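Notes for the one structure printed next.
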Amino acid sequence: MPLRCKGVAFALVVLLAPCAAQAQVDAPRLYEQTCAQCHGAGRLGGVGPALLPENMGRLRGPAVAKVIAEGREATQMPAFGQQLGKAEIEALAAFVATPLAETPAWGMGEILSSRAIEREAPTLAKPVFEADPLNLFVVVETGDHHATILDGDKLEPMARFATRFALHGGPKFSPDGRFVYFMSRDGWVEKYDIWSLQKIGEVRAGVNSRNIALSADGRTIAVANYLPKTLVLLDAGTLTPLRVLDATDASGAASRVSAVYQARPRNSFVVALKDAPEIWEIGAGETGFALRRIAVDEPLDDFFFDPSYAHVFGSAREGAASKVYNLDTGRQVAAMALPGLPHLGSGISFRLGARSVMATPHLKSGLLSVIAMDDWSLVKTIPTPGPGFFMRSHENSRFAWTDSMMSKAKDTMSILDKETLEIVRSVTPIPGKTAAHVEFDREGKKVLVSIWEDPGELVVYDAQTFQELKRLPMRKPSGKYNVFNKINFSEGTSH
Ligand code: DHE
């Protein structure tokens, strides 16, 4: 008995030792001395990203300590393993995983002072290159935080430049396709001039941001923020802030803003709120950003729009049903219990005989759902090798491509025949390597698939024969966006 007690006591000492050592470290002070120069006072970000749990994505626990000790490849993050002890590293890792005690202020003043314009966009009658400016792809490479401008005819890179850390969501294009706007999870909005192949400037619109949308006239950028809980409107020409809207519902309760979308035919932005049972519509153009609240029975945070933007189809991560609201009347017109979390934001639309349908992958089940948009009924459920994230097609192609990146079959793309609603082929570009996110060229003749690894690749296929045409090395190409398809709101792409 005494021996067992001794054993327990010894085990406790061993278990407690690192915690005790960690507790002796003054982590906030160590942060200010070691990290603040790059990551900003208060962990809000600077040259380096914000070190807040909301901003660090899947980087958690021991993985954070490893980055502090060993540094991070393809970034300016150095290794601190020689300079700091194990307890200090663990204390810093625990510190940056702690939420802030108070919501940081990030209003008009902070946004304005973060604005940095490198140059005026030059006056140009045409681009400085010969390639078709509408058949370019903008490839976001999150492996080393760069973007590539790719000639969609020759399939050759034309320019490659550094972006802010951790871009998220699709970049947005001005209506003529000349300018592209990127957003990072740290709230930076960057403007790049495709015609002159140079960066124009940047501004920080939030501390933790979700996505951006551009108004139909290309004059206003809306930025959806989690931290602080705001929707920010920027002048797309100058990147100056126009309005900071606190996201509070009709009862005054604050909500994170999940996402903002451009509803082009309505000349408005439609806004998804994470914590409030409302959908917002904000007028763009001459309407003075008038806010209209649509009451819903539970918060919806993932949206698909029918091509006319008369209906929004929304789901909630934690909710049981996906719901359709008519944006004109503000009324719910349908509800559907779709199993396995449909990823409506990746939904596409197409004609099936006389009907208009949409198709969506599911994040938690290996299937595609095809839904008729006239009566919002389920047309078919199509099994795939595993849960997926993205889906793409094109008006000129009979086929739609989807991945199974959330499963063991992460290396396999499934090809759906949009006429028979059967999976007619699967391709595995590199066995064992994640294949995801597809984009067609402007004619719908070529398909570009990402090998979502670092280093990764773009693998180009013939959209009709599925023959491989080319491979291009890339650093984790998380997404690629064809200028023509994007500015024309192709029915085969998410908007
Ligand atoms: Fe995304 C788009 C939300 C996690 C890569 N993602 C979007 C959009 C939203 C969204 C609302 C549409 C914005 C747009 O394009 O304007 N994403 C979310 C989440 O809520 C979720 C599940 C959790 C989160 O951490 O935010 C999430 N997303 C991820 C990832 O883990 C992915 C795979 C890797 C990454 O880079 O973070 C990822 N999301 C993407 C990509 C797009 C995207 C590549 C653009 C798709 C497109 O083709 O338009």
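The values are calculated or read from the model by the stated rules, or taken from the named source; none is laboratory data. In this text, all values refer to a predicted model and were calculated from it rather than measured experimentally. Reconstructed Cβ throughout: ideal geometry from the backbone, glycine too, with neighbour counts over all protein chains shown.
Report yes if Ser426 is of a type in the set (S, T, N, Q) and within 19 Å of the chain's Cα centre (by Cα), otherwise no.
Criteria not met by Ser426.
Those residues that are modelled with pLDDT of 95 or more, of a type outside the set (Asp, Glu) and not in a loop (DSSP other than H, G, I, E, B), I need them from the stretch 267-292; list them, please.
Of everything in the stretch 267-292, those that are modelled with pLDDT of 95 or more, of a type outside the set (Asp, Glu) and not in a loop (DSSP other than H, G, I, E, B) turn out to be Ser268, Phe269, Val270, Val271, Ala272, Leu273, Ile279, Trp280, Ile282, Gly283, Leu291, Arg292.
Which one of the conditions (1) in contact with a Gly (Cβ under 8 Å, 6 or more places away or on another chain); (2) crowded, with 22+ Cβ neighbours inside 10 Å; (3) small (Gly, Ala, Ser) does Gly386 fail to meet, given that it meets all the rest?
Answer for Gly386: the failing condition is (2).
Only one of (1) surrounded by fewer than 18 Cβ atoms within 10 Å (Cβ to Cβ); (2) closer than 18 Å to His39 by Cβ is not met by Met77, so which one is it?
Of (1) surrounded by fewer than 18 Cβ atoms within 10 Å (Cβ to Cβ); (2) closer than 18 Å to His39 by Cβ, only one is false for Met77: (1).
Given the options Ser397, Ser414, name the one that is hydroxyl-bearing (Ser, Thr, Tyr), closer than 18 Å to Ile348 by Cα and assigned to a loop (DSSP other than H, G, I, E, B). Write out each step before concluding.
On the way: Ser414 fails: assigned to a loop (DSSP other than H, G, I, E, B).
The conditions single out Ser397.
Since Val64 meets every condition but one in (1) free of Cβ contacts under 8 Å to residues at least 24 places away in the same chain; (2) under 25 Å from Arg475 (Cα atoms), which condition does it not meet?
So the condition that Val64 fails would be (1).
All but one of (1) out of contact with any helix residue (DSSP H, G or I) (no Cβ under 6 Å at 6 or more places or on another chain); (2) within 16 Å of the ligand (Cβ to nearest atom); (3) not in a strand (DSSP E or B) hold for Ser251, so report the exception by its number.
(2)
Return the residues of the stretch 50-69 that are away from the ligand (no atom under 11 Å from the Cβ) and in a loop (DSSP other than H, G, I, E, B); say none if nothing qualifies.
Within the stretch 50-69, Ala50, Leu51, Leu52, Pro53, Leu59, Arg60, Gly61 meet the criteria.
I need the full set of residues from the stretch 199-215 which are of a type in the set (Gly, Ala, Ser) and within 15 Å of the ligand (Cβ to nearest atom), in order please.
Within the stretch 199-215, Ala205, Gly206, Ser209, Ala213, Ser215 qualify.
Residue by residue through the stretch 133-162, note down the ones that are within 21 Å of Pro122 (Cβ to Cβ) and part of a loop (DSSP other than H, G, I, E, B).
Hits for the stretch 133-162 are Pro133, Leu134.
Counting only residues that are within 16 Å of the ligand (Cβ to nearest atom), touching a strand residue (DSSP E or B) at 6+ places or on another chain (Cβ under 8 Å) and either farther than 26 Å from Ile487 by Cβ or not acidic (Asp, Glu) (or both), how many does the stretch 385-410 have?
The total comes to 14.
Regarding Arg425, is this residue within 16 Å of the ligand (Cβ to nearest atom), touching a strand residue (DSSP E or B) at 6+ places or on another chain (Cβ under 7 Å) and among the charged types (D, E, K, R)?
No: the conditions fail for Arg425.
For the stretch 316-352, what are the residues that are part of a loop (DSSP other than H, G, I, E, B), within 16 Å of the ligand (Cβ to nearest atom) and of a type in the set (Gly, Ala, Ser)? Talk me through it step by step, then tell me what you get.
Initial filter on the stretch 316-352 (part of a loop (DSSP other than H, G, I, E, B)): 316-321, 327-331, 337-341, 343, 347.
Cutting the leftovers down to within 16 Å of the ligand (Cβ to nearest atom) gives us 316-319, 340-341, 343, 347.
Within the stretch 316-352, Ala316, Gly319, Gly340, Gly347 qualify.
Buried (at least 20 other Cβ atoms within 10 Å of the Cβ), more than 14 Å from the ligand (Cβ to nearest atom), of a type outside the set (Val, Ile, Thr) and in contact (Cβ under 8 Å) with a residue 24 or more places away in the chain - does that describe any residue in the stretch 446-459?
Checking the stretch 446-459: at least one residue is buried (at least 20 other Cβ atoms within 10 Å of the Cβ), more than 14 Å from the ligand (Cβ to nearest atom), of a type outside the set (Val, Ile, Thr) and in contact (Cβ under 8 Å) with a residue 24 or more places away in the chain.
Is one or more of the residues making up the stretch 163-176 more than 18 Å from Met474 (Cβ to Cβ), of a type in the set (A, V, I, L, M) and within 16 Å of the ligand (Cβ to nearest atom)?
no
Are any residues in the stretch 221-233 in a strand (DSSP E or B) and more than 15 Å from the ligand (Cβ to nearest atom), and if so, which ones? Don't jump to the end; show me each part of the working.
Step one: of the stretch 221-233, the residues in a strand (DSSP E or B) are 221-227, 230-233.
Thr230, Leu233, listed by residue number.
Name every residue in the stretch 84-121 that is crowded, with 17+ Cβ neighbours inside 10 Å and closer than 17 Å to Gly61 by Cβ, in order of residue number.
Across the stretch 84-121, the qualifying residues are Ala87, Glu88, Ile89, Glu90, Ala91, Leu92, Ala93, Ala94, Phe95, Val96.
Could you list, in sequence order, the residues of the stretch 356-384 that are in a strand (DSSP E or B), within 11 Å of Gly340 (Cβ to Cβ) and within 16 Å of the ligand (Cβ to nearest atom)?
Thr360, Pro361, His362
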